[in-house]
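Novice: Just passing along the structure, written as structure tokens.
The values are calculated or read from the model by the stated rules, or taken from the named source; none is laboratory data. Computed from a predicted structure; not experimentally measured. Here the Cβ positions follow ideal geometry from the backbone for every residue, glycine too, while neighbour counts run over all protein chains shown. With ligands, DNA and RNA removed, areas are computed over all heavy atoms of the protein, side chains included. Shrake-Rupley method; radii C 1.70, N 1.55, O 1.52, S 1.80 Å.
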Amino acid sequence: MSENSNQFLDALKQMQGVEVGDIVDVEVLDIEDGQIDVGVENAGVEGVITRREYTSDRNADLRDLVKPGDKFKALVLRRAGGDKENGEFFFSVTRLKEREAYDKLQKDFEDENAVEGTVTSSVRGGLIVDVGTRGFLPASLISNRYVSDLKPYIGKTMKLKITEIDPNKNRLILSHKDLVEEEREEAFDKVASQLVVGDVVEGKVSRLTNFGAFIDVGGVDGLVHISEISYKHVDKPSDVLKVGQDVKVKVIGIDNDRHRISLSIKQTEPSPFEQATADLNEGDIFEGEVKSLTNFGAFVEVADGIQGLVHVSEISNKHVDKPSDVLKVGQSVKVKVLNIDPSDRRISLSIKAADSNASSENHNSRPRRSRNENSVNKKYMSDNDNGFALGDIIGDQLKDRK
């Protein structure tokens, strides 16, 4: 057999060795409109690579990307059909890159590694991200907070976790939220280890909601519930706070299991009770107005919004069945301060001890309250700033009206 015959048989054998799915080395022969003509090195096989199989940019000019003589690897996609039954093939560079990308991404997925990708566009329900291949980032997995506008993310490079991968279905689901949560937990552990309940620290308002304000303390958001913003009633946090505002907060709770820090703004300031009693001492005598009456005593205003209790036994030296028998709401009375309890924010008063006509025994000795009287006071006193529950103040009045 001649040398030419042997060369022909070798070329034929090589050509027959090119199979769909193979990765081959190709050389650019020519560049036509919308496609690249290539030949497989050392195989005598030619084929084409369309624009979409070479680049994801559908508006790209292939002449700007390659030139004759360029060599690179390509995936054998399929045999050419129609009148190209002469052994020519279609090749793909993009799918080869995707296959290589999927191999790497599969390993990252198994090793739980973070990957980096660039957001190329937004679609209904999420973002399209280039991580070497096309991946989908659902809107619900962009952040640990609700994201309503996707457009600001286009063009951004993000670190992501792979939550689902299936090369056969060309399915790749990504998450940024998982990384945010991991970073948040790490930051929480660091900050929480440096805080104890009762600490007062500086913070900055990071965001406002209807139920409170989130304050950044050392890179971690703590919540100031709306009830802890001010001693005065607050309808909406935005009425008294602004995003970016510097505030002083007190740590009132640390939940390590739920990674939450509870804060208070109002507790960094003197309470109305503390302000009202700052210059008030046990033994002081002053004029006060009766604000309400119950079966167990009378509430007398000590300062604006702050009331003290005159127990029924402290109204008069004479026996009193009901406070309403001897007192009226709005009446001005002279009272003596018997006790101030800052921890429970309670003030005990006495009318009879302030009476200048009382016996010398009452003037010279502080009236003792029986164990029963103390239990009555504790039963009807709450932790509100005025020392007593509103329902207790008005409850007996409502009963009397029935």
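Novice: State whether one or more residues within the stretch 251-273 are open to solvent by 80 Å² or more (accessible area, probe 1.4 Å) and β-branched (Val, Ile, Thr).
Specialist: There is no residue in the stretch 251-273 that is open to solvent by 80 Å² or more (accessible area, probe 1.4 Å) and β-branched (Val, Ile, Thr).
Novice: Answer yes if at least one residue in the stretch 227-242 is in contact with a His (Cβ under 6 Å, 6 or more places away or on another chain), modelled with pLDDT of 90 or more, open to solvent by less than 50 Å² (accessible area, probe 1.4 Å) and not polar (S, T, N, Q), and no otherwise.
Specialist: No: zero hits.
Novice: So is residue 217 within 19 Å of the chain's Cα centre (by Cα), over 30 Å from residue 106 (Cα atoms) and not polar (S, T, N, Q) or not?
Specialist: Yes, satisfied.
Novice: Just one of (1) out of contact with any strand residue (DSSP E or B) (no Cβ under 9 Å at 6 or more places or on another chain); (2) in a loop (DSSP other than H, G, I, E, B) trips up residue 155, so point out which.
Specialist: (1)
Novice: Follow-up question, since we're still on this one. Filtering the stretch 188-206 down to residues that are without any contact (Cβ under 8 Å) to a residue 60 or more places away in the chain and in a strand (DSSP E or B), which residue is least open to solvent (accessible area, probe 1.4 Å)?
Specialist: Out of the qualifying residues, it is 205.
Novice: For the stretch 274-327, what are the residues that are aliphatic (A, V, I, L, M), over 51 Å from the mean Cα position of the chain (by Cα) and open to solvent by 40 Å² or more (accessible area, probe 1.4 Å)?
Specialist: Matches in the stretch 274-327: 285, 326.
Novice: Filter the stretch 92-124 down to residues that are of a type in the set (Gly, Ala, Ser) and over 30 Å from residue 80 (Cα atoms), then give me how many there are.
Specialist: Selection size over the stretch 92-124: 4.
Novice: Does any residue in the stretch 217-234 that is closer than 26 Å to residue 185 by Cα and free of Cβ contacts under 8 Å to residues at least 40 places away in the same chain come within less than 7 Å, Cβ to Cβ, of a residue that is among the charged types (D, E, K, R) and surrounded by fewer than 19 Cβ atoms within 10 Å (Cβ to Cβ) six or more places away or on a different chain, and which pairs are these?
Specialist: 228/266; 229/266
Novice: On to the next question. Return the residue satisfying two criteria in turn: it lies in the stretch 298-355 and is part of a helix (DSSP H, G or I) and of a type in the set (A, V, I, L, M, F, W, C), and of such residues it is farthest from residue 287 (Cα to Cα).
Specialist: 312
Novice: Please work out which one of (1) surrounded by 13 or more Cβ atoms within 10 Å (Cβ to Cβ); (2) assigned to a helix (DSSP H, G or I) is the condition residue 140 fails and give its number.
Specialist: (1)
Novice: Same structure again: Being in contact with a strand residue (DSSP E or B) (Cβ under 7 Å, 6 or more places away or on another chain), farther than 27 Å from residue 197 by Cβ and part of a strand (DSSP E or B): is that true of residue 290 here?
Specialist: yes
Novice: Would you be able to tell me the number of residues in the stretch 67-86 that are of a type outside the set (S, T, N, Q), part of a loop (DSSP other than H, G, I, E, B) and either surrounded by fewer than 12 Cβ atoms within 10 Å (Cβ to Cβ) or at pLDDT 90 or above (or both)?
Specialist: 8
Novice: May I pose another question? Right, residue 247: within 16 Å of residue 197 (Cβ to Cβ) and either assigned to a strand (DSSP E or B) or within 19 Å of the chain's Cα centre (by Cα) (or both) or not?
Specialist: Judged against the criteria, residue 247 is not a match.
Novice: Would you be able to tell me the number of residues in the stretch 260-282 that are closer than 20 Å to residue 343 by Cβ and at pLDDT 90 or above?
Specialist: Residues flagged as closer than 20 Å to residue 343 by Cβ and at pLDDT 90 or above within the stretch 260-282 amount to 4.
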